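To start, the structure under review is shown below, and the notes come after it.
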Amino acid sequence: AQSVTQPDIHITVSEGASLELRCNYSYGATPYLFWYVQSPGQGLQLLLKYFSGDTLVQGIKGFEAEFKRSQSSFNLRKPSVHWSDAAEYFCAVSSDSNYQLIWGAGTKLIIKP
Amino acid sequence: GAVVSQHPSRVICKSGTSVKIECRSLDFQATTMFWYRQFPKKSLMLMATSNEGSKATYEQGVEKDKFLINHASLTLSTLTVTSAHPEDSSFYICSARPLADSYEQYFGPGTRLTVT
């Protein structure tokens with residue numbers, strides 16, 4: 001069965017510091033991987049996605065993620081966080097049989113001034 | 001583009017009453033809409049998948065008679081929580097998929113339901 005693990009429930013980072021949010025997946029075939037951000041009062045917004053090709057994908061708001069098949073990981077990174085990045089971040093993998101998304105539990109990002 | 005709205009954003013109802021939540025794709029047609037439930041500090045749980053003009057497909061453990069889903073048009077799906085109880089209090093999120101063979105989903109802002 002497919003699953004997604006985000007091992008960090010919450011992470012605290014100083015403003016201006018770099019960020020890495022971890023995501024591991026379990027999936028038999030080539031996965032379709034996504035990172036979404038959820039801010040209070042706003043819908044889930046797609047940050048980036050990996051379907052195939054270059055394993056380093058660039059997203060919006062300065063985020064990037066790297067697909068590492070050998071580690072079954074798709075970690076999200078940002079070189080310098082801003083206070084506005086404080087939010088909940090979700091990693092997801094798609095089920096290609098019906099295009100449904102399997103979600104990780106989320107990581108809450110807290111930004112220290 | 002690709003905006004999904006939900007109405008209402010918040011609703012408080014009394015136990016035993018029914019509540020309807022609307023999900024609309026504003027600038028695209030959605031062949032498929034998904035309904036999720038999100039518990040505090042938890043991930044999204046898929047409740048059901050609805051395709052326009054056909055019956056919704058419910059996930060295991062989701063009561064179809066309690067959570068009625070209607071996908072009447074390519075831009076509107078509704079979730080009705082019937083005979084609501086306090087344990088139904090939650091954050092309900094819909095998403096819409098514009099193409100049948102697409103992995104893209106666009107999410108609504110969610111509806112906070114509180115049953116007293």
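Just so it is clear, none of the values below were taken in a lab; they were calculated from the coordinates. Being a predicted model, the structure only gives us computed values, none of them experimental. All Cβ positions, even for glycine, are placed from backbone atoms using ideal geometry, and neighbour counts span all protein chains on display.
Computed values, structure above
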| read-out | value |
| --- | --- |
| Additional length obtainable on full extension of the chain from B:THR114 to B:THR57, 0.36 nm per residue less Cα span | 18.0 nm |
| Long pairs among A:LYS78/A:LYS112; A:LYS68/B:LYS55; A:LYS49/B:LYS41; B:LYS41/B:LYS66; A:LYS61/B:LYS55, criterion Cα-Cα beyond 27 Å | A:LYS68/B:LYS55; A:LYS61/B:LYS55 |
| Total charge dipole magnitude, the protein assembly as shown, about the Cα centre, Cβ charges on Lys, Arg, Asp, Glu only, Debye to nearest 20 | 420 debye |
| Orphan Cys of chain B, criterion: no other Cys C-beta under 4.7 Å | B:CYS13 |
| In segment B:12-116, the trypsin sites (Lys or Arg not before Pro) that fall in loop regions by DSSP, at most 15 other Cβ within 10 Å | B:LYS14, B:LYS41, B:LYS42, B:LYS55, B:LYS64, B:LYS66 |
| Segment A:1-26-segment B:3-81 distance, computed between alpha-carbon centres (Å) | 28 Å |
| Cut-off under 5 Å, modelled amide H: who pairs with A:TYR32 long-range | A:SER94 |
| Only Lys, Arg (+1) and Asp, Glu (-1) charged, at Cβ; chain B dipole about Cα centre in debye | 380 debye |
| Calculated FRET efficiency for the pair B:GLU87/B:HIS7, C-beta based, R₀ 25 Å, to 0.05 | 0.60 |
| Where labels lie 7 Å past Cα in the beta-carbon direction, separation of B:LYS14 and B:LYS42 in nm | 2.8 nm |
